[in-house]
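Some notes on the structure that comes next.
The values are calculated or read from the model by the stated rules, or taken from the named source; none is laboratory data. Computed from a predicted model, the values in this text were never measured in an experiment. For neighbour counting, all protein chains shown are included, and Cβ atoms are generated from backbone atoms with ideal geometry for every residue, glycine included.
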Amino acid sequence: MAGNALAQSFPNDGAYRPWPCAGGVMTDRVGDTPGAVGDADLVGVSSDPTGLRAADGQFLYFRLRLNDDPRPGGTLAGHAWGIEIDTDNDPSTYEILVDASGVAAGTGDVFLWRNTAVTVADSPADPADAQPLRTYPFAQNARITQAPTSEGGSRDFFIDVAVPWSDLSAAGMGRNMPVRVWAGTSTAADALNLDIACHDGASGPPRLSGISPARTVADPVLDSDADGVPDAVEVQAGTDPNDPNSRPAAGGRTLEGGPGCSTGGGRGDPGPAALIAAALAGWLLRRARRRAGHRDV
């Protein structure tokens, strides 16, 4: 089914926040997965994460950092780039897949899939349902830009994808729903079967439950209880995003930020207490600046 023809303006770089991955942000080592090279190779470090997201009233936007241009010479490469979303709190399955795909002879589309039956257990390569729930034109719902990083020794690229909240809701995902998110590349439009973020491809095939990213909320700035702490930070910290009296305290537990997929605490790596303090300080500072009439740059 064709998707809603909603016009959108992609957010500026400062609006994007990293997806979490275990004890830190979503990262991936250059060249870690055999056969996943160039635009099929996800890259990123804690200071420049692999996967990020932003939101507005109509759209969820996600961004992936790639090792090369996915549209060399103006023709989209024959890969897919996307995210799988767990909505039922079972870390061994995903229920939604959103991806941008050039698999069909380099033509571009953005797909929203549901996954209601498991055929490949505990794997990001488990194919989604036979037909996508929605299809959108690549030119309308995706874009490619140069990233300001060179993780692989040459200039990296971003691929950004926009999907309407209304269609995600039809797929079973609410804007304030706690979710897990995996990111990856693929040779198929209906699964992620190549490079998976936060998994070392040299260690063997990835398992969804083995990566098991921290639960979060897809909208990084939504604050349901108006307590000054976004739902995403509260869900990751284990507090109630719908109760203004339940909020993370400095020194508490959070998974927002940090070094790759480790739990932190190693030499040069902040532990969870430092991460929660830094996350809260950042959000509260931005909130105070907005109230004072300043703009972050």
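Answer yes or no as to whether V30 is part of a loop (DSSP other than H, G, I, E, B) and aliphatic (A, V, I, L, M). Against the criterion (part of a loop (DSSP other than H, G, I, E, B) and aliphatic (A, V, I, L, M)), V30 qualifies. Of all the residues in region 72-91, those that are surrounded by fewer than 18 Cβ atoms within 10 Å (Cβ to Cβ) and among the polar types (S, T, N, Q) number 2.
Go through region 190-202 residue by residue and tally those that are touching a helix residue (DSSP H, G or I) at 6+ places or on another chain (Cβ under 9 Å) and at negative phi. Summing the residues that are touching a helix residue (DSSP H, G or I) at 6+ places or on another chain (Cβ under 9 Å) and at negative phi in region 190-202 gives 5. Number of residues in region 188-237 that are closer than 30 Å to G38 by Cβ, over 15 Å from the mean Cα position of the chain (by Cα) and outside any loop (DSSP other than H, G, I, E, B) equals 5. Exactly one residue among P124, P70, P20 is within 16 Å of G152 (Cβ to Cβ) and touching a residue at least 12 places away in the same chain (Cβ under 8 Å), and that residue is P70.
Residue selection: L64 fails the criterion of being touching a strand residue (DSSP E or B) at 6+ places or on another chain (Cβ under 9 Å), aliphatic (A, V, I, L, M), more than 27 Å from D223 (Cα to Cα) and buried (at least 20 other Cβ atoms within 10 Å of the Cβ). On inspection, R143 qualifies as in the same structural domain as R114 (by TED's automatic domain parsing), surrounded by fewer than 20 Cβ atoms within 10 Å (Cβ to Cβ) and touching a residue at least 40 places away in the same chain (Cβ under 8 Å).
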